[in-house]
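Accompanying notes for the structure given below.
The values are calculated or read from the model by the stated rules, or taken from the named source; none is laboratory data. Remember, it's a predicted structure, so these values are computed and weren't measured experimentally. Here the Cβ positions follow ideal geometry from the backbone for every residue, glycine too, while neighbour counts run over all protein chains shown.
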Amino acid sequence: MDTSSRADAQARTPAASRRRGAVLERAILDAALDQLSTVGWSGLTMEGVAAGAQTGKAAVYRRWPSKEDLVADALRAGLPPTGPAPDVGTVRDDLLALCIRTRDAMFSRSGLALRSVIHECDTTQADRFHAVIFEGVVEPTLAMLREVIERGVERGEVRRDAANDYVCDAIPAMMMYRSKMCGSEWTDKDLTDMVDQLMVPLLRPETG
């Protein structure tokens with residue numbers, strides 16, 4: 001092949017096939033998240049991820065020898081930043097802002113991917129992702145809830161013994177239960193009702 005023919009062949013080669021290193025790895029992780037959020041854990045295949053990333057299956061297996069390895073890294077890479085706890089001015093408004101942020105994260109691409117793992121994996125598989133889920137989602141959410149509640153205690157809006165594990169678990173437990181068991185999509189009204197009818201009475205200081 002002469003020089004001009006080689007140049008023409010290279011020009012026709014898709015840019016995706018020439019990607020290397022971090023750029024290719026990011027494309028593969030994004031493709032895995034796309035698969036998880038659309039076809040779920042059961043439907044995800046290494047072949048499908050490779051096709052979504054526009055690369056060869058061998059490129060995927062060189063980096064991640066198993067589906068579990070790939071999904072764990074994809075979840076780590078795709079989890080949204082938690083950011084600081086809301087500080088709107090009242091514990092009620094702070095909780096509502098945090099609930100809305102959590103709901104939006106649940107229904108984002110990475111959130112749908114995470115839910116497919118939680119809902120579809122058996123116990124053995126779920127154990128593999130426990131650290132990813134706990135460190136990347138559960139701990140930051142509980143830390144923000146505790147911060148909001150403790151700030152409410154300081155302002156006199158919240159009873160002093162309310163900043164405990166059971167109270168902090170209430171919102172995540174309710175949101176996961178209603179989402180998984182009842183198929184709730186958590187509209188703004190649903191979240192407002194939960195905060196006003198569950199959390200505000202639960203946190204309110206005793207009178208008299």
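Worth pointing out:
- Total residues in the range 136-168, condition more than 30 Å from Arg115 (Cα to Cα) and either hydrophobic (A, V, I, L, M, F, W, C) or surrounded by 16 or more Cβ atoms within 10 Å (Cβ to Cβ) (or both): 6
- Any hit, the range 27-49, residues being modelled with pLDDT under 95, of a type outside the set (A, V, I, L, M), farther than 28 Å from Ser184 by Cα and over 14 Å from the mean Cα position of the chain (by Cα): no
- Of all residues making up the range 173-186, the number that are surrounded by fewer than 16 Cβ atoms within 10 Å (Cβ to Cβ) and on the phi < 0 side of the Ramachandran plot: 9
- Here Glu157 fulfils each of the conditions (1) acidic (Asp, Glu); (2) closer than 18 Å to Leu36 by Cα; (3) in contact with a Ser or Thr (Cβ under 7 Å, 6 or more places away or on another chain) apart from (2).
- Scan of the range 170-203 for residues that are over 15 Å from Leu96 (Cα atoms) and either assigned to a helix (DSSP H, G or I) or outside the structural domain of Asp87 (by TED's automatic domain parsing) (or both), ordered by number: Ala173, Met176, Tyr177, Arg178, Ser179, Lys180, Met181, Cys182
- Filtered by the rule that a residue be touching a helix residue (DSSP H, G or I) at 6+ places or on another chain (Cβ under 7 Å), assigned to a helix (DSSP H, G or I) and not small (Gly, Ala, Ser), the range 18-40 gives Leu24, Glu25, Ile28, Leu29, Leu33, Asp34, Gln35, Leu36.
- Sole residue being outside the structural domain of Asp34 (by TED's automatic domain parsing) and in contact with an Asp or Glu (Cβ under 9 Å, 6 or more places away or on another chain), chosen from Arg115, Arg151: Arg151
- Matching helices (runs of 4 or more DSSP H) fully within the range 51-141 where at least 3 residues are among the hydrophobic types (A, V, I, L, M, F, W, C) and closer than 25 Å to Glu185 by Cα: 67-78, 91-106, 109-120, 123-133
- Look at (1) closer than 30 Å to Pro205 by Cβ; (2) surrounded by fewer than 18 Cβ atoms within 10 Å (Cβ to Cβ) and you find that Pro65 fails only one, number (1).
- Scanning the range 166-208 for residues that are farther than 21 Å from Glu139 by Cβ and acidic (Asp, Glu) turns up Glu185, Asp188, Asp190, Asp193, Asp196, Glu206.
- Condition met for Val60 (within 30 Å of Arg20 (Cβ to Cβ), among the β-branched types (Val, Ile, Thr) and not assigned by TED's automatic domain parsing to the domain that holds Asp193): yes
- One residue stands out in the range 150-208 among those that are hydroxyl-bearing (Ser, Thr, Tyr) and in contact (Cβ under 8 Å) with a residue 24 or more places away in the chain: the one that is nearest to Gly89 (Cα to Cα), namely Thr192.
- Selection count where residues are in a helix (DSSP H, G or I) and farther than 14 Å from Val200 by Cα, scope the range 152-161: 1
- Inspection of the range 50-68 finds no residue satisfying the criterion of being touching a residue at least 40 places away in the same chain (Cβ under 8 Å), small (Gly, Ala, Ser) and more than 24 Å from Met174 (Cβ to Cβ).
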